[in-house]
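Heads up: the structure comes next, in structure tokens.
The values are calculated or read from the model by the stated rules, or taken from the named source; none is laboratory data. What you are looking at is a predicted structure, and each value in this text was computed from that prediction instead of being measured. Reconstructed Cβ throughout: ideal geometry from the backbone, glycine too, with neighbour counts over all protein chains shown. Surface areas here come from the heavy atoms of the whole protein model, side chains and all, with no ligands, DNA or RNA. Shrake-Rupley method; radii C 1.70, N 1.55, O 1.52, S 1.80 Å.
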Amino acid sequence: MKAKFLFLAVAFGSSMVFAQSKKNVQVSKLYQNYIVLKNALASDSSAKAAVSASEFLKTASGLDSKTVNSASLKQIKDNAQFISASKDIKVQRAKFQNISDQMLSLSKTYKLADKTIYLQYCPMADAAWLSNEAKIINPYYGSSMLNCGKVQQEIK
């Protein structure tokens, strides 16, 4: 895990800003669903996370391998399916980490939103996530460590 973070830090630089290029309506909708899922996990609601993951999965199912490579798309769908079927928030959070990694990859190719997106990182979870705001609202620990983390990068 630390190696993955080190890769992210080296690849993007801790304060580097990078621009998204292509726009895709379905990918933008997937990002919106991702944010709802992130917020459900941050609020410690496994039930909301399951419902949000179902919506995320529906949107992901509308994507094709021309938009997202098949291996990434399969990983996104499998993890979303797992979250939607689980009632264990710890398991949901672990699968969310995989989805976050895939969404970060998508952010390198697609403009996910019209506003700045923040890549955030929690050292306690050794995991990153994307957010619409600079304020840290940690989806990996929820209320027990809601503000644990820091902004690693801005994506414009």
Kindly provide the set of residues from the range 91-115 that are farther than 13 Å from GLN75 by Cα and of a type in the set (Val, Ile, Thr), ordered by number.
-> VAL91, THR109
Given the conditions (1) exposed (fewer than 15 other Cβ atoms within 10 Å of the Cβ); (2) assigned to a loop (DSSP other than H, G, I, E, B); (3) touching a residue at least 12 places away in the same chain (Cβ under 8 Å), every one holds for ASN138 apart from (1)
Restricting the first residue to the range 71-99 and requiring it to be within 15 Å of SER46 (Cα to Cα), which pairs with a second residue that is assigned to a helix (DSSP H, G or I) and among the β-branched types (Val, Ile, Thr) meet a Cβ separation below 7 Å and a spacing of at least six or different chains?
-> ASN79/ILE99; ALA80/ILE99; GLN92/ILE83; LYS95/ILE83; PHE96/ILE83
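Taking the stated definitions as given, is LYS22 modelled with pLDDT of 95 or more and either open to solvent by 80 Å² or more (accessible area, probe 1.4 Å) or under 17 Å from the mean Cα position of the chain (by Cα) (or both)?
no
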Limited to the range 63-99, what total is found for residues that are under 17 Å from ASN39 (Cβ atoms) and of a type in the set (A, V, I, L, M)?
-> 4
